[in-house]
Amino acid sequence: MDIYLPIAEVSVNAPLLVALGALVGFISGLFGIGGGFLMTPVLVFLGIPPAVAVASMSNHVAASSMSSVISYSRRRSVDFRMGGVLAGGGVVGAVVGVEIFRWLRLIGQADLVVALAYLIFLGIIGGLMLWESLGAILRRRRNAPAPPRKDRRPPWLYGLPLKLRFPRSRLYISVIPPILLGAFVGVLSAIMGVGGGFILVPAMVYILRMPASVVVGTSLFQIIITTALTGVLQAGRNQTVDIVLAVLLLVGGVLGAQFGARASTRFRAEELRALLAFIVLMVGLRMGLGLFFTPHEPFVLMSGIGG
Amino acid sequence: MAAAHPPPALVPLQMGAAPAISAALTDATVRVSSDFRGDKIVLYGAVFDPQARPSDVVVIVRGPDQPVRIARKSKIAGLWINSRPVVFQGAPGFYIAASTRPLDDIARFATLRKLEAGVDHLAIHAPDEQRVETRYGIRDMVVSRLGADYFDWRSAVIRLKERAGLYDTSDHGVRFVDKGLFRAEIALPAEAPIGRYDVRILLFQNGQPVSEKDRSLTVEQVGLERALYLWAHQRPWSYGLAAMAFALAAGWGASSAFRRD
């Protein structure tokens, strides 16, 4: 059953999109990520104009994050104060990111930057995560003890001014690193059409040293704020949000996220991380390696002017 | 939607010596609703020529103009990178030339070029790349910064549009179904732009256009699609806020519905 999308002005297969939304939603709930990094490339592959895909994704990511964050907050695993500080940076980053994206489209380099961003960020994060989780799995198989955790907190994190207490994360740190982190993720979210959870989650664990129990919920909370803003900005500035597309995706997405969040309790954490790392790595390589192959067609049409 | 209606009643033959052409679309409006998957435009027409000279009919359907931005990939430091985009003006968003025979057999190059008949004869150009200068002692020459590659760029625009199903040439898309009565069928893909289309019906004899009729076709969104399209473009901020509010509410709703306690 095909359905016509009024803003994208193309016709797509509706059940396919709902199923795609459900699958990505499931992964999103399972790993506590937005899932935008998976969905955006698939939408572009299905023939939806990239600008519309990136913008409409914000609505989908906000919806599925909302659906899972509530379950996390019931378990008291959202640090709202930390999420708010991150989102403060994220808001600035998103506004800057939307403008950067407009400028990149104008000079025709949006494709390049998007592909490179996918290759670099997904490649590095996927690679590191795969290495770390495979190590953990092997150690458990051999019954080897976990390596001593290097809990030495980086001094620069504590030397900075503007310290704030984050009781739920049991932290007393400067607000500067979380704001910068939020801003960086906000820029990426506007450019790559992602929520940014795949960067935020490891950064919160390894840089901010937040307890693992609050990381996912807090990341989702900050993603809701950033993507909600990105979605409204994209609609207002570029008129590229297709609500029919977003609804199709989020119908599947919110349901999938619920099942995913439930399924996540049945797997071991390191196995989940290894699987996620594998998916992240594959998407990054798939998006980025195209840059190295000789294209069949040397010319490429750029969609719409300005918008 | 475009079922085979009976051909429109013929106008009584005018008994003048000059050949004439007449045509009508079976449906002058294409409605784009949620189940739109492309459509077929059917056109019937008649050639009035008392002397019954050999005639060719060309039907050109042209959608609203849309400037085209195109870039070329080149290898820089091992990566395939887009060049600065070039904007071509005068390119229709949809274009198809249907004829009774291949266009090159019907008329000469210069004639086709003047009529913009056929994808190779579309008057598209890149004004931003042009400048007027004196060259070889000749003043006011228009040269393109793209230089000798200009034709590669231009043919790439056509090629990519053809691949997207938006430009086409249908060499036998017009057929005589009876003496003097012809029928043309033109496929409109789902990607075709919204707007007013011009349909030109040309009668050729001896390689010259001898009669012409213009018809217009409207491709418009209807119902919910139209309402959403207008809302998104006329009041983008309220649309964006509403879309986001809906998304957040849906997420909240699903979470509450699944709550087990």
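Overall size of segment A:174-307 from C-alpha positions, given as principal axis extents largest first: 48, 35, 35 Å.
Once the Cβ-Cβ distance of B:ARG37 and A:LEU285 is raised to the sixth power relative to R0 = 30 Å, the FRET efficiency obtained is 0.30.
Longer than 31 Å from Cα to Cα, which of B:LYS40/B:LYS179; B:LYS73/B:LYS114; B:LYS40/B:LYS73; B:LYS40/B:LYS75; B:LYS75/B:LYS114 are they? Say none if no pair is. Intermediate results must be reported in sequence, preceding the final value.
Working: B:LYS40/B:LYS179 24 Å; B:LYS73/B:LYS114 33 Å; B:LYS40/B:LYS73 36 Å; B:LYS40/B:LYS75 42 Å; B:LYS75/B:LYS114 38 Å.
Long pairs (Cα-Cα over 31 Å): B:LYS73/B:LYS114; B:LYS40/B:LYS73; B:LYS40/B:LYS75; B:LYS75/B:LYS114.
Can you find, among B:LEU160, A:VAL244, B:PRO189, the residue sitting farthest towards the positive end of the charge dipole of the protein assembly as shown, where Lys and Arg contribute +1 and Asp and Glu -1 at Cβ? Checked the options; the winner is A:VAL244.
Using Cα springs under 10 Å in a Gaussian network model of chain B, which residue among B:ASP105, B:ASP120, B:ASP168 shows the largest mean-square fluctuation? For chain B, modelled as a Gaussian network with Cα springs under 10 Å, the answer is B:ASP105. For segment B:148-214, the percent of C-alpha pairs falling in each 10 Å distance bin, counted from 0 to the bin holding the largest distance, reads 15, 36, 33, 15, 1.
DSSP beta bridges fully contained in the protein assembly as shown are about 90 percent antiparallel.
Here each label is just a point 7 Å from Cα along the line to Cβ, and for A:ILE107 and A:HIS296 those points are 3.1 nm apart. Here chain A is treated as a sphere whose radius is the Kirkwood value from Cα pairs; by Stokes-Einstein at 20 °C and 1.002 mPa s it diffuses with a coefficient of 108 µm²/s.
Build a GNM of chain A with springs between Cα atoms under 10 Å apart, and of A:LEU255, A:LEU289, A:LEU220 the one that fluctuates most is A:LEU289. Taking one quarter of the surface of the C-alpha convex hull of segment A:167-245 gives a mean projected area of 5.9 nm². Global size of chain B: 24.1, 89 Å for Rg and Dmax (C-alpha atoms, Rg to one decimal, Dmax whole).
If you average 1/r across every pair of different Cα atoms in segment B:153-261 and take the reciprocal, what Kirkwood value do you get, in Å?
On the way: mean 1/r = 0.0518 Å⁻¹.
Final number for the Kirkwood radius of segment B:153-261 is 19.3 Å.
Among the DSSP helices (H) of chain B, those spanning at least 30 angstrom by Cα along their long axis with an average Kyte-Doolittle hydropathy of 0.5 or more are B:236-257; this is a geometric and hydropathy rule only. Here the protein assembly as shown is treated with +1 on each Lys and Arg Cβ and -1 on each Asp and Glu Cβ, and its dipole about the Cα centre works out to around 3040 debye. Note that the protein assembly as shown carries a Kirkwood radius of 26.8 Å, evaluated over its alpha carbons pair by pair.
Just round it to a whole percent: the fraction of Cα-Cα distances in segment A:22-152 exceeding 25 Å. Present the calculation step by step, with values, prior to reporting the outcome.
Details: 3793 of 8515 pairs.
Summing the P(r) tail past 25 Å for segment A:22-152 gives 45 percent.
Farthest towards the positive end of the charge dipole of the protein assembly as shown, among the residues B:ALA77, B:LEU230, A:LEU281, is the Cα of A:LEU281, using unit charges on the Cβ of Lys, Arg, Asp and Glu. Compared with the dominant Cα axis of chain A, that is its longest principal axis, helix A:197-206 is turned about 20°. Estimated purely from DSSP H runs of n ≥ 4, each contributing -39500 (n - 2.57), the mean residue ellipticity at 222 nm for chain B is -7000 deg cm²/dmol once divided by its residues. Between the Cα long axis of helix A:269-288 and the first principal axis of chain A there is an angle of about 40°, rounded to the nearest 10. Antiparallel beta bridges, as assigned by DSSP with both residues in chain B, represent about 85 percent of the total such bridges.
Report the gain in length on full extension from A:ARG268 to A:TRP131: 0.36 nm times residue separation, minus Cα-Cα distance, nm rounded to one decimal.
On the way: separation 137, 0.36 × 137 = 49.32 nm, distance 1.62 nm.
Residue separation times 0.36 nm, minus the Cα-Cα distance, leaves 47.7 nm.
Note down the relative contact order for chain B as a percent, whole number, built from C-alpha pairs under 8 angstrom at least six residues apart. Walk me through the numbers before you get to the answer.
Numbers: 460 pairs, mean separation 68.4, N = 261.
The normalised contact order for chain B reaches 26 percent.
Per residue of B:233-243, other chain Cβ atoms within 10 Å of the residue Cβ number 6 on average.
If the elastic network links every pair of Cα atoms under 10 Å, which of B:GLU116, B:GLU212, B:GLU225 fluctuates the most in the Gaussian network model of chain B? Comparing B:GLU116, B:GLU212, B:GLU225 in the GNM, the peak value goes to B:GLU225. Farthest towards the positive end of the charge dipole of chain A, among the residues A:GLY193, A:ALA144, A:LEU128, is the Cα of A:ALA144, using unit charges on the Cβ of Lys, Arg, Asp and Glu.
Set the Förster distance to 30 Å, then compute FRET efficiency between A:ASN13 and B:GLU162 from the Cβ-Cβ distance, nearest 0.05.
Numbers: r = 24 Å, r/R0 = 0.81.
With a Förster radius of 30 Å, E is 0.80.
For chain A, take the longest principal axis of its alpha carbons; what is the angle in degrees between that and the long axis of helix A:14-31, to the nearest 10 within 0 to 90? Between the helix axis and the principal axis of chain A, the angle is about 10 degrees.
Read-outs throughout are calculated quantities, based only on the coordinates presented, and are distinct from any laboratory measurement. Since this is a predicted model, take the numbers as computed values, not measurements. Neighbour counts are summed over all protein chains in view; Cβ atoms, including those assigned to glycine, are modelled from backbone coordinates with ideal geometry.
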